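**Student:** This is the structure I want to talk about, given as C-alpha cells.
The values are calculated or read from the model by the stated rules, or taken from the named source; none is laboratory data. Since the model is a prediction, treat every value here as computed from it, not as a measurement. When we count neighbours, we look across all protein chains shown, and the Cβ atoms used for this are built from the backbone with ideal geometry, even at glycine.
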Ligand code: IDP
Ligand code: MG
C-alpha cells in the first residue's frame, strides 16, 4: 500500500477535556506523520458545508451545534493506506461499539461527542484536506 493523506479532526469534546496531546501521540504512535494542523472555531456555515453529506439526517443539527461549540483541530495526516488505517485506529462511530485501544474507545464520550473525525474514502480525504488546507500549507510536500 502506498503512502497517502487523510484528514483527521480532534473534535471540540476532546479539546475541551484536554485530550488533544494524548490523541496526537496515539496517532503518531500508530505511524502517522502530521503534515498540517490548525486550531479553528468553525462557523455554522463551515460545519454545515463540511458535513453537507449528512444534511437531512436526524443528528445533523446536533452535529453542527457540537462541531461549532468550541475549537477543533483539523489535521492532514500522512501514512501507509492513510484513510483505511486511520478509520481502524479511531474505531467505530459509537465508542460503546469501538474496539479496545481505539481513539474513540479511549477518549470519546458518546456517539455524537466522539473525540475525532476521519475521512472515509480517498475522494473525501482529498476534498476534506483541501477544505482546511490549501495545497501550499501542507508542510514538507514535494
Ligand atoms: P463517522 O464519524 O464514524 O464517519 P458518520 O456516520 O459519518 O460517522 O457521522 C458523522 C458524525 O455525526 C459522527 O462522528 C458523530 O459525531 C455524529 N453522529 C453520527 N450518528 C449520530 C447519532 O446517531 N447521534 C448523534 N450523533 C451522531
Ligand atoms: Mg463519516
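**Student:** Going residue by residue through the stretch 48-55, is there one that turns out to be assigned to a helix (DSSP H, G or I) and buried (at least 19 other Cβ atoms within 10 Å of the Cβ)?
**Tutor:** Yes - at least one qualifying residue is present in the stretch 48-55.
**Student:** If you check residue 29 against the conditions, is it free of Cβ contacts under 8 Å to residues at least 12 places away in the same chain and closer than 18 Å to residue 1 by Cβ?
**Tutor:** Spelling it out, it is not the case that residue 29 is free of Cβ contacts under 8 Å to residues at least 12 places away in the same chain and closer than 18 Å to residue 1 by Cβ.
**Student:** Looking for whichever is modelled with pLDDT of 95 or more, in a helix (DSSP H, G or I) and touching a helix residue (DSSP H, G or I) at 6+ places or on another chain (Cβ under 9 Å) here; the options are 15, 23. Which one fits?
**Tutor:** Just a single option satisfies the conditions, and that option is 23.
**Student:** Spot the failing condition for residue 58; the list is (1) within 14 Å of ligand 2 (Cβ to nearest atom); (2) assigned to a loop (DSSP other than H, G, I, E, B); (3) exposed (fewer than 15 other Cβ atoms within 10 Å of the Cβ); (4) more than 13 Å from the chain's Cα centre (by Cα), and only one is missed.
**Tutor:** Going through the list (1) within 14 Å of ligand 2 (Cβ to nearest atom); (2) assigned to a loop (DSSP other than H, G, I, E, B); (3) exposed (fewer than 15 other Cβ atoms within 10 Å of the Cβ); (4) more than 13 Å from the chain's Cα centre (by Cα), residue 58 breaks only (1).
**Student:** Looking only at residues in the stretch 86-112 that are assigned to a helix (DSSP H, G or I), within 16 Å of ligand 2 (Cβ to nearest atom) and without any contact (Cβ under 8 Å) to a residue 60 or more places away in the chain, which one is nearest to the chain's Cα centre (by Cα)?
**Tutor:** So, considering only residues that are assigned to a helix (DSSP H, G or I), within 16 Å of ligand 2 (Cβ to nearest atom) and without any contact (Cβ under 8 Å) to a residue 60 or more places away in the chain, the one nearest to the chain's Cα centre (by Cα) is 87.
**Student:** How many of the residues in the stretch 39-59 are closer than 21 Å to residue 129 by Cα and more than 8 Å from ligand 1 (Cβ to nearest atom)?
**Tutor:** So the answer is 14.
**Student:** Separate question: Checking the structure you have, find out if any residue of the stretch 70-83 is within 20 Å of residue 133 (Cα to Cα), free of Cβ contacts under 8 Å to residues at least 60 places away in the same chain and more than 16 Å from ligand 2 (Cβ to nearest atom).
**Tutor:** There is at least one residue in the stretch 70-83 that is within 20 Å of residue 133 (Cα to Cα), free of Cβ contacts under 8 Å to residues at least 60 places away in the same chain and more than 16 Å from ligand 2 (Cβ to nearest atom).
**Student:** Restricting to the stretch 116-137, count the residues that are within 16 Å of residue 6 (Cβ to Cβ), outside any helix (DSSP H, G or I) and either out of contact with any strand residue (DSSP E or B) (no Cβ under 7 Å at 6 or more places or on another chain) or within 13 Å of ligand 1 (Cβ to nearest atom) (or both).
**Tutor:** Going through the stretch 116-137 one residue at a time, the tally reaches 6.
**Student:** Okay, next question. Considering only residues that are in a helix (DSSP H, G or I) and buried (at least 19 other Cβ atoms within 10 Å of the Cβ), which ones fall in the stretch 67-84?
**Tutor:** Once the filter is applied, which keeps residues that are in a helix (DSSP H, G or I) and buried (at least 19 other Cβ atoms within 10 Å of the Cβ), the stretch 67-84 yields 67, 82, 83.
**Student:** Right, here's the next one. Using the structure shown, decide if residue 66 is free of Cβ contacts under 8 Å to residues at least 60 places away in the same chain and near ligand 1 (Cβ under 10 Å from one of its atoms).
**Tutor:** When the stated conditions are applied, residue 66 passes them.
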